[in-house]
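What follows is calculated from the coordinates using simple rules that are stated; it is not laboratory data. Fair warning: this is a prediction, and the values are worked out from it, not measured in the lab. In this analysis, Cβ positions are derived from the backbone assuming ideal geometry, glycine residues included, and neighbour counts consider all displayed protein chains.
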Amino acid sequence: MRPGKARASPWQRGRMALALLASGSDVQKGARGETMAQEAAGWPPEETLSLWKREQARLKARVVDRDTEAWQRDPAFSGLQRVGGVDVSFVKGDSVRACASLVVLSYPELEVLLVDGNGVLHHRGFGVACHLGVLTDLPCVGVAKKLLQVDGLENNALHKEKIRLLQTRGDSFPLLGDSGTVLGMALRSHDRSTRPLYVSVGHKMSLEAAVRLTCCCCRFRIPEPVRQADICSREHIRKSLGLPRPPTPRSPTQRPVACSRGDSGESSGEGRPPQDHSPGPRTAPKPGSQEQEGKDWQ
C-alpha cells in the first residue's frame with residue numbers, strides 16, 4: 001500500500017473489478033468473447049486479441065493456487081462469514097452488451113468469490129475466476145457448468161462414465177490434462193442433479209478447499225451466490241430490453257440443503273446457506289418462477 005493512499009475495501013475492489021468485467025476495456029471479456037464473436041459477428045481484430053493475450057499472461061504470473069486464509073484449512077470453514085457470487089450474462093445475438101452481477105450472501109465481510117466460469121482450467125491457464133481474483137486480491141473459485149475441453153480433456157465416453165460413477169453429493173474426480181496437471185475437479189454438487197460442476201482454482205485457494213466450499217454453498221446444483229447473481233443479471237437484461245416477465249406457475253418450494261459442518265457433504269442444522277445482503281433493490285425472479293423452473297437443477 002502506498003503511503004497516504006487508503007486501500008480499497010474488499011467490497012469496493014469487487015465492484016471495481018465487476019465494472020471492468022462488464023466494460024469493453026476488460027481483457028477477460030475476450031476469453032468468452034472469442035467464442036461469442038465466432039458465433040455472432042466474427043473475430044475481434046488481431047491487435048485486440050493480442051492485447052488480451054498479453055494481459056492474461058501478465059496477470060497469470062500473479063495467481064496463487066494455495067490456501068492463504070485460516071478458514072480455508074478448517075473442515076467447517078469456521079471464520080468465513082460472507083461469500084460473493086459473480087455471473088456475466090450476455091444478450092443473445094449481441095456481441096457488445098453484457099451485464100455483470102455480484103451477489104453477496106451472509107455477513108459481515110466479503111472474503112471469497114465464486115465465479116460462473118473457469119479459473120486455471122483454461123486454454124491459457126487464466127480464466128475469468130483468475131482474472132477477477134487477481135484484480136480484487138480476494139480468494140476466488142471458478143465454477144463452470146460445462147467442461148472446457150483443454151489440455152486433452154474431452155467430454156467423451158470415458159468422461160461420461162466417470163460422471164455416472166458420481167453417486168452422491170460431494171463425490172468428485174480430478175480433471176487430469178495431458179500435461180500431467182490436475183486442472184480442476186468434476187463435482188456432483190447435489191443428490192438431485194446428475195450433471196457435475198467443474199471447479200477450478202481462481203486465486204488464493206487450494207483446489208481441495210475450493211471443492212469443499214462449492215459443495216457447501218449449493219442449495220441446488222449451482223452454488224447459491226452464483227445462482228442469485230445469474231438471476232439478477234438476467235433480470236436486469238430483461239428489464240433493460242423491456243421483455244415481459246414469464247408467468248409464474250404454482251410449484252412446490254425446494255427445501256434448501258444445509259451446509260455441511262465437515263467435509264463429507266452431509267447436511268446439518270448449522271451453516272445453512274446465508275441470507276442475501278447485496279445492496280440495492282432485489283427484482284430477481286423468485287425460485288418458483290417459470291424462468292427458474294428446471295434451471296435450478298440444470
(message) Given points 7 Å out from each Cα along the Cα-Cβ axis, report the Arg245 to Lys53 separation in nanometres with one decimal.
(response) 4.7
(request) Filter the cross-link list Lys92/Lys239; Lys146/Lys239; Lys60/Lys145; Lys92/Lys146; Lys53/Lys204; Lys92/Lys145 down to pairs whose alpha-carbon distance in this structure exceeds 25 Å. (result) Lys146/Lys239
(message) I need to check one value: relative contact order of region 93-214, counting alpha carbon pairs closer than 8 Å and at least 6 residues apart, in percent.
(response) 26
(message) Just to confirm my numbers, what's the Cα centroid distance between region 160-229 and region 125-158 in Å?
(response) 11
(request) Work out how much length Ala70 to His236 would gain on full extension: take 0.36 nm times their residue separation and subtract the Cα-Cα distance, in nm to one decimal. (result) 56.1 nm
(request) Obtain the nm distance between the two label points defined at Glu154 and Glu46 by a simple spin-label model: each point lies 7 Å from its Cα along the Cα-to-C-beta direction. (result) 3.1
(message) Given axes a ≥ b ≥ c from the Cα gyration tensor, I'd like to know whether region 92-206 is rounded (a/c under 1.5), prolate (a/b larger than b/c) or oblate.
(response) prolate
(request) Give the relative contact order (percent, whole number) for region 164-252; include only Cα pairs under 8 Å separated by 6+ residues. (result) 19
(request) Mind jotting down a quarter of the surface of the convex hull over the alpha carbons of region 80-141, in square nanometres, one decimal? (result) 4.9
(request) Find how much the distance from Leu165 to Ala61 grows on full extension, using 0.36 nm per residue of separation minus their present alpha carbon separation; answer in nm with one decimal. (result) 33.9 nm
(message) Using Cα-Cα distances under 8 Å and only pairs 6 or more residues apart, what relative contact order does region 131-202 have, in percent?
(response) 36
